[in-house]
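These notes concern the structure reproduced below.
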Amino acid sequence: MHKAFKFRLYPTKEQTILIHKSMGCSRFTFNHFLARFIGYIEWHITRFYTEYLIREVVIMIWKMKEKACQAGH
């Protein structure tokens, strides 16, 4: 059997201000590190895509040279 308790808080004005400050700091910290994480992911995706394109171009050039060598003999 699970028990649950429900509480209602009635903070004073000073406590309300402190609660809002704490929530604001938490939100700022979360958003800051979320932005860093998104930037990290975007950087890796861009890097992977760029390396993939370079690899494809090198393979394409290599195949063209190979065909040219075969046609020359």
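Side notes on the structure shown:
- Yes/no for E56 being surrounded by 10 or more Cβ atoms within 10 Å (Cβ to Cβ) and modelled with pLDDT of 85 or more: yes
- Where H73 falls short, out of the listed (1) at pLDDT below 85; (2) under 20 Å from the mean Cα position of the chain (by Cα): (2)
- Residue match in the stretch 6-14 (condition: free of Cβ contacts under 8 Å to residues at least 24 places away in the same chain and surrounded by 10 or more Cβ atoms within 10 Å (Cβ to Cβ)): yes
Residues checked against (1) modelled with pLDDT of 95 or more; (2) assigned to a helix (DSSP H, G or I); (3) under 23 Å from the mean Cα position of the chain (by Cα):
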| position | (1), (2), (3) |
| --- | --- |
| K3 | no, no, no |
| L9 | no, no, no |
| Q15 | yes, yes, no |
| I19 | no, yes, no |
| S22 | no, yes, no |
| C25 | no, yes, yes |
| T29 | no, yes, yes |
| Y40 | no, yes, yes |
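The values are calculated or read from the model by the stated rules, or taken from the named source; none is laboratory data. All of these numbers come straight from a predicted model, not from anything done at the bench. In this analysis, Cβ positions are derived from the backbone assuming ideal geometry, glycine residues included, and neighbour counts consider all displayed protein chains.
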